[in-house]
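Here is the structure we will look at.
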Amino acid sequence: MAEMAVTVAAAAGTLRPCTGVSARGAAVLGRWRPLALAAPAKLRLSFSAVRVPRATSPAAVEDGSNTDTDPIPKVIIDQDSDPDATIVEVTLGDRLGDLVDTMSALKNLGLNVVKASVCLDSTGKHNKFSITKSSTGRKIDDPELLEAVRLTIINNMIQYHPESSSQLAMGATFGPEVPAEQVDVDIATHVDIYDDGPERNLLVVEAADRPGLLVDLVKAISDTNVTVQSGEFDTEGLLAKAKFHVSYRGKAVSKALQQVLSNSLRYFLRRPTTEDASF
């Protein structure tokens, strides 16, 4: 992987502190690039066509230290922080190693890992990758490929850390240990739309996670003729949290269309709803 410039502080025996990790939510209001599949006519619904490669062997490089309490797995897909690359952040307490096999699996998706770093804060060790498409050298703009990246990382996490299976919704699909909670019953759906200037809105969705959810959300939004510009998609244990900047014909979404969009997403997700989101 000649393109990869690994800047892992652990090589020197210590991990550098994370800077700005907890502030990524504030960065959501920055610069955005439209997603390629914003037009409904171009969206492909058959997620089964996306092949998620699995790492070849459970090598020790994926292992980190262990603790008695199983931490909450987190996978963040950030399309905002870097205009030229998609930022992926993976956390599982302090248990993750350098994820070399995971980076190899991402390369099998036709991606380059152009930079990797590891930092440590009170929530654990954060492995961050900057990835681009090998064919273009640019950030990922295809929701199906973004979802394949997410599932590849979760798949490898479950393979190398089976204890994470019971804390991930994907554990009920392809993990060795299913979650104790009934994902479709115990996790509520939240949909909120906020004003963000004259040309766009911030759409925030929280729902039970499942394979293909990112692609399905973009399709459901596009079906209302609302354009998804870009956003952040977080997997936090059993939850999926999406933040999308959306617009309608280059302008902010009207209140009436916001209601249509909110109702459409709630119906599509078909989960229990409550008034207050956990954001």
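The values are calculated or read from the model by the stated rules, or taken from the named source; none is laboratory data. Model, not experiment: these values are computed from the prediction. Note: ideal-geometry Cβ built from the backbone for every residue, glycine included; neighbour counts use all protein chains shown. Calculation scope for accessible area: heavy atoms of the full protein, side chains included, ligands and nucleic acids excluded. Shrake-Rupley method; radii C 1.70, N 1.55, O 1.52, S 1.80 Å.
Some notes on this structure:
- Failed criterion for Thr91 (all others in (1) more than 17 Å from Asn155 (Cα to Cα); (2) touching a Lys or Arg at 6+ places or on another chain (Cβ under 6 Å) hold): (1)
- Qualifying residue in the range 103-124 (condition: under 23 Å from Lys243 (Cα atoms), of a type outside the set (A, V, I, L, M, F, W, C) and within 14 Å of the chain's Cα centre (by Cα)): no
- Candidate set from the range 129-144 (those that are modelled with pLDDT of 95 or more and closer than 16 Å to Met103 by Cβ); member that is surrounded by the fewest Cβ atoms within 10 Å (Cβ to Cβ): Ser134
- So Ser230, is it within 28 Å of Ile72 (Cβ to Cβ), touching a Pro at 6+ places or on another chain (Cβ under 8 Å) and open to solvent by less than 30 Å² (accessible area, probe 1.4 Å): yes
- Residue count for the range 241-263, restricted to those that are touching a residue at least 40 places away in the same chain (Cβ under 8 Å) and either open to solvent by 40 Å² or more (accessible area, probe 1.4 Å) or not in a helix (DSSP H, G or I) (or both): 9
- Some residue of the range 176-186 being outside any helix (DSSP H, G or I) and closer than 13 Å to Arg266 by Cα: no
- Taken over the range 91-112, the criterion of being at pLDDT below 95 and aliphatic (A, V, I, L, M) is satisfied by Leu92, Leu96, Leu99, Val100, Met103, Ala105, Leu106.
- Search result, residues across the range 130-160 that are in a loop (DSSP other than H, G, I, E, B) and either hydrophobic (A, V, I, L, M, F, W, C) or in contact with a helix residue (DSSP H, G or I) (Cβ under 9 Å, 6 or more places away or on another chain) (or both): Ser134, Ile140, Asp141, Asp142
- Scanning the range 90-129 for residues that are assigned to a strand (DSSP E or B) and at negative phi yields a total of 21.
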